[in-house]
Amino acid sequence: MDHLKVKVTGVWILITIFCALSVEGVAYGGHCTTSANCTETDNICGSNNKCNCSSTTFRKNSAECAAKVDLNAVCEGGESADQCEDSLAECRNDSGYKCLCKDNNFEKQTVLCAPQIVLNAVCEVGESADQCVDSLAECRNDSGYKCLCKHNNFENKTGLCTPRIAFNETCDNTDSAADQCSQANMGCLNDGLGIYKCLCYSNYYESSGTCYDRKKPYEACNEGQCVVHATCNVNCTCDMGYEASPIVSPTQCNGGGRETVSLLYLLAMTKVASQMLLSR
Ligand SMILES: *[C@@H]1O[C@H](CO)[C@@H](O)[C@H](O)[C@H]1NC(C)=O
Ligand SMILES: *[C@@H]1O[C@H](CO)[C@@H](O)[C@H](O)[C@H]1NC(C)=O
Ligand SMILES: *[C@@H]1O[C@H](CO)[C@@H](O)[C@H](O)[C@H]1NC(C)=O
Ligand SMILES: *[C@@H]1O[C@H](CO)[C@@H](O)[C@H](O)[C@H]1NC(C)=O
Ligand SMILES: *[C@@H]1O[C@H](CO)[C@@H](O)[C@H](O)[C@H]1NC(C)=O
Ligand SMILES: *[C@@H]1O[C@H](CO)[C@@H](O)[C@H](O)[C@H]1NC(C)=O
Ligand SMILES: *[C@@H]1O[C@H](CO)[C@@H](O)[C@H](O)[C@H]1NC(C)=O
């Protein structure tokens, strides 16, 4: 028993001496004045005068300074936040833990994370679709490439992209965006009952949710499709007191020569009546 005790004590003394001689430097977290003081692998003397992991390494398992992980490479969930090489990346689970760009950042083609670009700011052609912060925006050329709302979306008064509004759906008349309705010839108009809806401007008629140019005099029509002061009667016919103008390829019904038109109408009616009599 005593023999063993002496042996253990001897070994202990030897280990202590060995340590004192070989580890003349400073361990991780110990006080240092220069990086040369720090003896553990990849340790440097940090700004707080403590031995710390170098900038390309991170403290892994509270045991060593291990190389930081590349973007998209496997990392360890629960390990320190700075384990990813890219400072704008984080270790996140996406079918397994990987170093992925943090929220509001996107991965550039150069395999670096960069902050996503706000609406109307300059973006880069060929970069990924998620380079724009607004998920309903895209990088498009409009006098230079910018993050702009995707087609069928508009920038609302809060500066966010939102889907354009279809015919007869309620709209926001306090929003000055000219493109909030789904078509160019539609506007956010009072429906006559005080409700603002996307409706066709007066020079257009609606069919299946689309606004079309109103039918001109003599054009084949359906009810409600003719220009103002015209009524559909197989083709668009100017109302009494109005005449198609100009005479060749008319585009509208003018009420300028009211008396003359009325007279012509009377003459025409007389002619029609006499033809009817003749055809009997
Ligand atoms: C090591 O550096 C990191 C990042 O600069 C810092 O957060 C951490 O507190 C430092 N650790 C020590 C032991 O100084
Ligand atoms: C750090 O290194 C310097 C220069 O070699 C030395 O003077 C100093 O005593 C060391 N400090 C520690 C804490 O080991
Ligand atoms: C990681 O994500 C996958 C799906 O991508 C999921 O099935 C799995 O449970 C997640 N693991 C953890 C630890 O959250
Ligand atoms: C970008 O759009 C402008 C007009 O807005 C045009 O002059 C230019 O050629 C376009 N550039 C490309 C690369 O399409
Ligand atoms: C603007 O668009 C965003 C995103 O689509 C939406 O959440 C928000 O309600 C809209 N704001 C207004 C005032 O319509
Ligand atoms: C518009 O919608 C209302 C119900 O909100 C409906 O009564 C009306 O007929 C619709 N108008 C058109 C032109 O579709
Ligand atoms: C327009 O319709 C009337 C019948 O309503 C017809 O007499 C006339 O020939 C038509 N004109 C044209 C140009 O189609």
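Here are the numbers for this structure:
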| read-out | value |
| --- | --- |
| All positions within the stretch 143-172 that are in a loop (DSSP other than H, G, I, E, B), more than 16 Å from ligand 6 (Cβ to nearest atom) and touching a strand residue (DSSP E or B) at 6+ places or on another chain (Cβ under 6 Å) | LYS150, ASN156, ARG164 |
| Residue list for the stretch 88-119, filter: surrounded by 13 or more Cβ atoms within 10 Å (Cβ to Cβ), out of contact with any Leu (no Cβ under 9 Å at 6 or more places or on another chain) and free of Cβ contacts under 8 Å to residues at least 24 places away in the same chain | TYR97, LYS108, GLN116 |
| Yes/no for VAL227 being out of contact with any His (no Cβ under 6 Å at 6 or more places or on another chain), surrounded by 16 or more Cβ atoms within 10 Å (Cβ to Cβ) and modelled with pLDDT under 95 | no |
| Qualifying residues in the stretch 197-222 (those that are farther than 24 Å from SER182 by Cα and among the charged types (D, E, K, R)) - the one farthest from the chain's Cα centre (by Cα) | GLU219 |
| Among the candidates GLY126, GLY78, residue that is more than 16 Å from ligand 4 (Cβ to nearest atom), outside any strand (DSSP E or B) and exposed (fewer than 11 other Cβ atoms within 10 Å of the Cβ) | GLY78 |
| Selected residue (only one of CYS211, CYS198, CYS161, CYS188 is surrounded by 18 or more Cβ atoms within 10 Å (Cβ to Cβ) and under 26 Å from VAL118 (Cα atoms)) | CYS161 |
| When residues of the stretch 164-183 are limited to those that are surrounded by 14 or more Cβ atoms within 10 Å (Cβ to Cβ) and aliphatic (A, V, I, L, M), the one farthest from GLY194 (Cα to Cα) | ALA177 |
| Every residue from the stretch 180-190 that is within 19 Å of TYR212 (Cβ to Cβ) and either assigned to a loop (DSSP other than H, G, I, E, B) or not assigned by the TED database to the domain that holds TYR205 (or both) | SER182, GLN183, ALA184, ASN185 |
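Here is a yes/no grid of residues against (1) touching a residue at least 60 places away in the same chain (Cβ under 8 Å); (2) within 14 Å of ligand 6 (Cβ to nearest atom); (3) under 21 Å from SER249 (Cβ atoms):
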| residue | (1), (2), (3) |
| --- | --- |
| ALA184 | no, no, no |
| ASN190 | no, yes, no |
| LEU199 | no, yes, no |
| ASN203 | no, no, yes |
| GLU206 | no, yes, no |
| CYS211 | no, yes, no |
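The values are calculated or read from the model by the stated rules, or taken from the named source; none is laboratory data. On a predicted model such as this, the values are computed, not experimentally measured, just so you know. In this analysis, Cβ positions are derived from the backbone assuming ideal geometry, glycine residues included, and neighbour counts consider all displayed protein chains.
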